[in-house]
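The values are calculated or read from the model by the stated rules, or taken from the named source; none is laboratory data. Just so we're clear, the structure is a prediction, and the values are computed from it rather than from any experiment. When we count neighbours, we look across all protein chains shown, and the Cβ atoms used for this are built from the backbone with ideal geometry, even at glycine.
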């Protein structure tokens, strides 16, 4: 049995749990104290106080990248690993057979159709001089959902808008849309999750029509 030493707010711990899910592995979770100075039991178990860390048999592996590499090299993926991996990306990506400017115009048209409002558009020139074209970042919202989120918790600004981007790739372009859940799932508040669920369904419909 694998033992994972972790904290729920650690992004590296999330990556490890996602990999465990993809591989269909069961583990024992040990939540360690927030302060490293209080992690006496962790130091006794594995010899360090950093998380995430796993104990796999008698082997200790620390750090998200090292743990994930070990898990993927040691255990075969579960039959539904690809589905888990896709769900864990928290974004929708679509390759378009059109120039970025046309893809951007098409995205804006579809956003309007699905009652989104684009509240910000930023053109970003890549620092890499070899990179072709411009990266366009959009922030879109649905006013009704914003009202619900503000009433639920105004201190979670990541729940208000949905980041989207259009950028060149090969002879065409790609559109990437952030899953609305990514801004609220860590908070776990029912009102925010309900609003994000409604937005997620709307984004999926939009994405299917792009």
Checklist entry - So which strands (runs of 3 or more DSSP E) are wholly in the stretch 1-67 and hold at least 1 residues that are touching a residue at least 40 places away in the same chain (Cβ under 8 Å) and surrounded by 13 or more Cβ atoms within 10 Å (Cβ to Cβ)? => result 2-6, 53-56
Checklist outcome for this item: Per the filter on the stretch 77-96, residues modelled with pLDDT under 95, over 17 Å from the mean Cα position of the chain (by Cα) and loosely packed, with under 14 Cβ neighbours inside 10 Å are 79, 80
